[in-house]
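Novice: Shown below is the structure under consideration.
Every number here is computed from the coordinates shown, using simple stated rules; none is lab data. Not measured: the values here are computed from a predicted model. Neighbour counts are summed over all protein chains in view; Cβ atoms, including those assigned to glycine, are modelled from backbone coordinates with ideal geometry.
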Amino acid sequence: MRVDVVSIFPDYLAPLDLSLIGKAREDGLLDVRVHDLRDFTHDRHRTVDDTPYGGGAGMVMKPQPWAEALDHVLALDNPSGAKPHLVVPGPGGQPFSQALARRLALEPWLAFACGRYEGIDERVYEHARDDLGLEVSVVSLGDYVLNGGEVAVLAMVEAIGRLVPGVIGNAESLVEESHEDGLLEYPIYTKPSSWNGRDVPAVLLSGNHGAIAAWRHEQRLARTAARRPDLLHASHATGPDGVPVDITAATRGDVPELAVLLRACAAEEAVATGSLDVPALHEGLDEVSSALETSQTWLARSAGRLVGAVRTRRSPDAGDRWEISRLCVTPDLDGSGLDRQLLDHAEDTAPDGIRTLTLEVGAHRTDALKAYRKAGYRPADTPASRPGTVVLAKRRR
């Protein structure tokens, strides 16, 4: 992954040479380049700001240095004419989250624009989008205001960079971290087993891996409920008979189980439509695994059992369209409402800038068509990818 950062304080980004991110740079996994915005000014004082039109306190960063800086970034070592995803830290942007970090980690090239003072002239965003053809995302590190974007960039680059394959030596350590699946991490302990009158929970010393897994899951739920109850609404649904259903991001370790579920659901569709032309019916492990690289798959588990899944991605043809696909639920849970929970979750994960939600369904699946209509979806003008299916769409609120 290539990362370009433009700032008036390039030395602020020096910590990116340290720790795992620094090692990833040495190993060639991350190509991080820092540019001084003042290098693109043309006056003696290297001025990058001026007073705001309309009055008001503070100063605004001028458009001309930013335009030249972006032109420089696009032209530097770029014979193919590729374009980065431009990320601008700012308190008025979409919240930075682990899910967003995962999406950005799939990008081959990110550019960060570190604003200062009252911010960057709005015409810079318009120039980047309309004239340079860049995807532009304004992202907020939290509900507070910093002096500039550099602190946010340090945090974002570390959060995104550690998800790039090879940066973290043991990839399994990423799976159960806080926010990976919407829940906080369980309490952790190390030796000695008794310290200062406090003992490690006995279950962790039992050697019973099933009991340990159950205890850790209970602790994650309890900790999330106590510290971040707002997370439970999106990540922790209630299934049939009150059994908790956890909706989590799929990993490569889930591929074999996921492939079986997708094929089972595809077989049902093939029977209902009388056609074997159902893509999921012919997908092997390699296809299911490669889909994790180009889209986000969400899994629903009840008591550890995989009971449903849904796939999401930003449309490669239209950047303002969110594609929902491969929504499936185990046959014994048909009618339980789990399919609607997965659909709601897929919609909720759509990033800012998405205007339309779409999904494709068999034209003869009357029950599914009725359910999607109830959820607000209507037939779209978009051509279906295969015969016997119809594309449905709804405007995002």
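Novice: Which distance in Å, rounded to a whole number, links the C-alpha centroids of the stretch 1-66 and the stretch 185-227?
Specialist: That distance is 44 Å.
Novice: Which cross-chain or sequence-distant (5 or more) residues have an amide H under 5 Å from the amide H of ASP31, H modelled 1.01 Å from N in plane?
Specialist: Result for ASP31 returns ARG2, VAL3.
Novice: A follow-up question, please. Please report the relative contact order for the chain, taking Cα pairs under 8 Å with a sequence separation of at least 6, and give it as a percent rounded to a whole number.
Specialist: 11
Novice: Right, something else. Of the peptides 139-148, 125-134, how do they stack up when ordered by the mean number of other Cβ atoms within 10 Å, highest first?
Specialist: On the way: 139-148: 13.5, 125-134: 15.0.
Ranking, from highest mean packing down: 125-134, 139-148.
Novice: Measure out, as a whole number of angstrom, how far apart the alpha-carbon centroids of the stretch 94-117 and the stretch 303-367 sit.
Specialist: About 24 Å separates the Cα centre of the stretch 94-117 from the one of the stretch 303-367.
Novice: For the chain, can you list the cysteines whose C-beta has no other cysteine C-beta under 4.7 Å from it?
Specialist: CYS114
Novice: Same structure again: Considering the dipole of the chain built from charges on the beta carbon (Lys and Arg +1, Asp and Glu -1) around the Cα centre, which of VAL73, LEU163, GLY28 is farthest to its positive end?
Specialist: Most positive-ward Cα: LEU163.
Novice: If you take Rg and Dmax of the Cα atoms in Å from the coordinates, which of (1) 21.0, 62; (2) 21.7, 77; (3) 23.9, 75 do you get?
Specialist: Of the listed options (1) 21.0, 62; (2) 21.7, 77; (3) 23.9, 75, (3) comes from this structure.
Novice: Pull out a ≥ b ≥ c, the square roots of the eigenvalues of the alpha-carbon gyration tensor of the stretch 239-395, then state rounded if a/c is under 1.5, prolate if not and a/b is larger than b/c, and oblate in the remaining case.
Specialist: Note, shape of the stretch 239-395 comes out rounded.
Novice: Can you say what percent of the DSSP beta bridges in the chain, counting only those with both residues inside, are antiparallel? Round to 5. Let's see the in-between values first.
Specialist: Details: 35 of 61 bridges.
Around 55 percent of the beta bridges assigned by DSSP in the chain are antiparallel ones.
Novice: Tell me what the chain gives for mean residue ellipticity at 222 nm when only DSSP H runs of n ≥ 4 count, each as -39,500 (n - 2.57), the sum divided by the residue total, rounded to 500 deg cm²/dmol.
Specialist: Here the helix-only value at 222 nm equals -9000 deg cm²/dmol.
Novice: What shape does the stretch 282-356 take by its C-alpha gyration tensor, where a ≥ b ≥ c are the square roots of the eigenvalues and a/c under 1.5 counts as rounded, a/b above b/c as prolate, and the rest as oblate? List each step's numbers first, then the result.
Specialist: Working: a/c = 2.37, a/b = 1.35, b/c = 1.75.
Taking the square roots of the gyration eigenvalues as a ≥ b ≥ c, the stretch 282-356 is oblate.
Novice: How would you classify the stretch 36-152 from its alpha-carbon gyration tensor, with a ≥ b ≥ c the square roots of the eigenvalues: rounded for a/c under 1.5, else prolate if a/b is greater than b/c, otherwise oblate? List each step's numbers first, then the result.
Specialist: Working: a/c = 1.99, a/b = 1.14, b/c = 1.74.
Oblate, because a/c is 1.5 or more while a/b does not exceed b/c.
Novice: When DSSP beta bridges are limited to those with both residues in the stretch 247-381, what percentage is antiparallel, rounded to the nearest 5?
Specialist: Numbers: 16 of 20 bridges.
Antiparallel: roughly 80 percent of the beta bridges in the stretch 247-381.
Novice: May I ask what percent, to the nearest 5, of DSSP beta bridges between residues of the stretch 2-173 are antiparallel?
Specialist: Taking every DSSP beta bridge with both residues in the stretch 2-173, the antiparallel ones total about 10 percent.
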